[in-house]
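Report on the structure given below.
The values are calculated or read from the model by the stated rules, or taken from the named source; none is laboratory data. A quick note: this is a predicted structure, and the numbers were derived from the prediction, not measured. So basically every Cβ, Gly included, is an ideal-geometry build from the backbone, and we count neighbours across all protein chains shown. When the accessible area is computed, the model is the full protein with side chains, heavy atoms only, and any ligands, DNA or RNA have been set aside. Shrake-Rupley method; radii C 1.70, N 1.55, O 1.52, S 1.80 Å.
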Amino acid sequence: MLKSAQSDLGLDVTPITALKGVGPRNAERLARIGVSTVQDLLFHLPFRYQDRTRIVPVRSLCLGDQAVVEVVVESTDIHLGRRRSLLVRVSDGSGLLVLRFFHFSAAQKAALTVGVRLRCFGEVRNGPTGFEMIHPEYSRIDGHELPATEESLTPIYPTTEGMHQLTWRAMTDKALALLEERPQSLPEWLPEHLRRVYRLPDLSAAVRYLHRPPAGALQAKLLEGVHPAQRRLVFEELVAHQLSLSQLRQRRRLVAAPALNGKKPLRQRFLKSLPFSLTGSQQFAIEEIAGDLKQNRPMMRLLQGDVGSGKTVVAALAALQAVEAGYQVALMAPTELLSEQHLRSFRTWLLPLGVDILWLTSRQKGKARELLLARLESGEAGLVVGTQALFQDDVVFRKLGLVIIDEQHRFGVHQRMALREKGSDGGKVPHQLIMTATPIPRTLAMTAYADLDLSVIDELPPGRTPVTTVVLPASRRMDVIERVRAACALQRQAYWVCTLIEESEALECEAAEATAVQLGEMLPELRIGLVHGRLKASEKESVMLAFQQRELDLLVATTVIEVGVDVPNASLMIIENPERLGLAQLHQLRGRVGRGAVESHCVLMYQTPLSANARQRLAVMRESNDGFFIARKDLELRGAGEVLGTRQTGEMQFRIADLVRDQALLDEVRQAAAVILERYPDRVAPLVQRWIGIREQYIDA
Ligand code: ADP
Ligand code: MG
């Protein structure tokens, strides 16, 4: 099977070109979809199968089936309709079927005479007179010698331009033959007793099965991705992922961090000054964090809590603990607007305690920026709030003890690691607290963020009334405008959120401007403000402030107000084109209302026609205010990559596993990974290498 003697090599280092018939052209095409070794090829699984293993009686065909039939031609006509076609009526005694050809030659027609026996393979469709196959593959059966049917299901591979299914089959035939010849070239790393406990077939058998399932294999299970053979590969991939993150976590324990172990005067004064008392789960999270920060190992903790659950106070307490111990704190928000909001909250809370707060964004330039940077470098400034600009190269901290990242799902493992480099106190790295309002289910969080510890705020502060949501077509715009008028007449405030079809900030801002003008004409009695991403920071700030202080009735905005904005008197939100947004984002936006005691409403005003998926998503919003429930639905409807924000960062791109589909495996995967770490430490590296590759290896935690 091999062109040259490479018999001692594993398939993970055997290049695809070692297979006979795979030349540089195909290798290049395969490289585009990440297939460069024979092992890659074996892990490139079919996404569906055709059953050519048995001949199906015509009578038992169902619409949509792809099947082999054996039939006799009863008549052959050229049909002159809208499209000229060749119609061949065939039968097998059990039923009638039409074969339809739009492209055909005279010779072809001549060969399909009455009485000719054919074996056909095609998809069953509805035609004017009953079931049809359009352009089936067929061959004549002459004499008594019956051609054999296929022995296994025919695999259909996800492919790339220029690669035909026949090529895939030929290549995988060779790869499977090679595997047969040298079983050790794809070593089994899952210990046998674990395979028994979790009922997992061995790796080579699973791979062989998935490329060439035997006749009678359960296609439905294969299509769903839950067949034991698939489960075997998924399990191993998830174990490898878990091991890789566990390694990160272990290596982190070897790094030093400052023990933030000061006295508590600031924290005590801060708690006394708050106009409310903390909820039980806020208190619990605060204790977990405080405990971590006292250690001389870096904390890496994810704080999950629904919109409005009060994560900011928790962050403030963590920050004070660092300040009390004489360390600096950096709080990073995903948008400038949100960083301003944090700045404002922190200033309100902490200035009275004598703690000053700096604000650093990419807009500050020249002298002003230099001055800020100097204050950070000298250590004079203790607390700085900002955007990603905080972590540009020229920003140097003297004694950074804690990094707080708000709305984590936009930052990936690699970025989390990069932030750590900012630690500068004699080889010590800062602690990290990551906050997110995407409350994904616990098991999933423990897998996706296995390198992090997890705290959850699972209750809202008392006195909140749930938001009532209605879903309306854009044709009801006039009614919606009347609703805004009525709400504002009752001294309530409202948001009008413009989102756009095009993913362009500029266009979105223009739409918001136009909407503000239009609403101004329709609602002359209202004081209307406008915020969008293109305004200067100071302009945004002053509009937000005016809205907060009830100098504005209606705020027209883009999705820049998605996170964090906090105006309890606002009780109505209109969202245009909600069908464009993910559920998590809608839930975030809607979280801007329902923050006070008055009953709040949210109007989702969609454009018709609505896709089935969009209709379902909007229905979820109408029916629930529960962030966990919404996140679970979002996962089902959009997949884990979108919801965790890993699609953009390119992380956690599984080859075979799917965190949503395979959720039920996650507990067992974690158990198995723990056993391997403990009892088979020498298998960790090869498993991680096989599934995650060197990509993750050079992250030094
Ligand atoms: P999020 O978790 O979405 O970031 P915030 O921290 O912005 O939520 O808190 C939302 C609002 O609830 C803020 O106005 C905050 O001051 C207030 N808040 C926080 N904790 C409590 C509490 N225990 N009781 C009452 N209000 C609270
Ligand atoms: Mg927040």
Quiz item: On a 0 to 90 degree scale, rounded to 10, what angle separates helix 612-623 from the longest Cα axis of the chain?
Solution: 40 degrees
Exercise. Sort all Cα-Cα distances of the chain into consecutive 10 angstrom bins from zero, then give the percent of pairs in each bin up to the one containing the longest distance.
Key: 3, 12, 18, 19, 18, 14, 9, 5, 2, 0
Self-check item: Cα lying deepest toward the dipole's positive end in the chain, options S345, V598, S36, charges on Cβ
Solution: S345
Quiz prompt | Using alpha-carbon coordinates, inclination of helix 311-324 to the longest axis of the chain, degrees | solution = 60 degrees
Quiz item: Under a point-charge model restricted to the Cβ atoms of Lys and Arg (+1) and Asp and Glu (-1), what is the dipole moment magnitude of segment 469-547 relative to its Cα centre, in debye to the nearest 20?
Solution: 380 debye
Quiz item: Using the per-residue mean of other Cβ atoms lying within 10 Å as a proxy for protection, in what order, highest first, do the peptides 628-636, 530-538 fall?
Solution: 628-636, 530-538
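Hey, can you find the accessible area per residue of the chain for me, probe 1.4 Å, expressed in square angstrom?
On the way: 30990 Å² over 701 residues.
It amounts to 44 Å² per residue over the chain.
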Self-check item: Cα centre as origin, Lys/Arg/Asp/Glu Cβ charges: the chain dipole, Debye
Solution: 380 debye
Quiz item: Per the 1.4 Å probe, what fraction of the accessible area of the chain, in percent, lies on carbon and sulfur atoms?
Solution: 52 percent
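DSSP loop (so not H, G, I, E, B), at most 15 other Cβ within 10 Å: list which GluC sites (Glu not before Pro) in segment 164-273 pass both filters. Could the numbers behind the result be given before it?
Numbers: sites: E180, E181, E188, E192, E224, E236, E237; in loops: E188.
The qualifying sites are E188.
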Practice problem: Place the peptides 543-555, 315-327 in order of packing, highest mean first, counting for every residue the other Cβ atoms within 10 Å and averaging per peptide. | Solution: 315-327, 543-555
Quiz prompt | CD proxy at 222 nm, helix term only [per DSSP H run n ≥ 4: -39500 (n - 2.57); per residue of the chain; nearest 500] | solution = -11500 deg cm²/dmol
Quiz item: What angle do you read, to the nearest 10 degrees and between 0 and 90, between the alpha-carbon axis of helix 228-252 and the longest principal axis of the chain?
Solution: 30 degrees
Quiz prompt | Whole-Å distance, taken between Cα centres, linking segment 319-380 and segment 67-95 | solution = 77 Å
Quiz item: Which value in nm describes the separation of the simple spin-label points at D667 and T348, placed 7 Å from the Cα toward the beta carbon?
Solution: 4.3 nm
Quiz prompt | Anchor K264: aspartates and glutamates whose Cα lies under 18 Å away (excluding residues fewer than 8 positions away in-chain) | solution = E287, E288, D292, E324, D356
Quiz prompt | Between segment 465-542 and segment 588-612, the alpha-carbon center distance in angstrom | solution = 12 Å
Exercise. May I ask which of K294/K536; K272/K540; K311/K633 have a Cα-Cα span longer than 30 Å here?
Key: K294/K536; K272/K540
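Among DSSP beta bridges lying fully in the chain, give the percent that are antiparallel, nearest 5.
Values: 36 of 91 bridges.
Counting DSSP beta bridges with both partners in the chain, the antiparallel share is about 40 percent.
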Quiz item: Using alpha-carbon positions, what is the distance between the centroids of segment 188-204 and segment 210-264, in Å?
Solution: 15 Å
Quiz item: How large is the charge dipole for segment 63-118, taken about the Cα centre, if only the Cβ atoms of Lys, Arg (+1) and Asp, Glu (-1) carry charge, to the nearest 20 debye?
Solution: 360 debye
Quiz prompt | 5 angstrom amide H check on S94, placed H, neighbours 5+ away | solution = V58, R59
Quiz item: Residue by residue through segment 87-97, which ³J(HN,Hα) values in whole Hz follow from phi under the Karplus form 6.51 cos²θ - 1.76 cosθ + 1.60 (θ = phi - 60°), with glycine and proline marked x?
Solution: 10, 10, 8, 10, 8, 10, x, 8, x, 10, 8
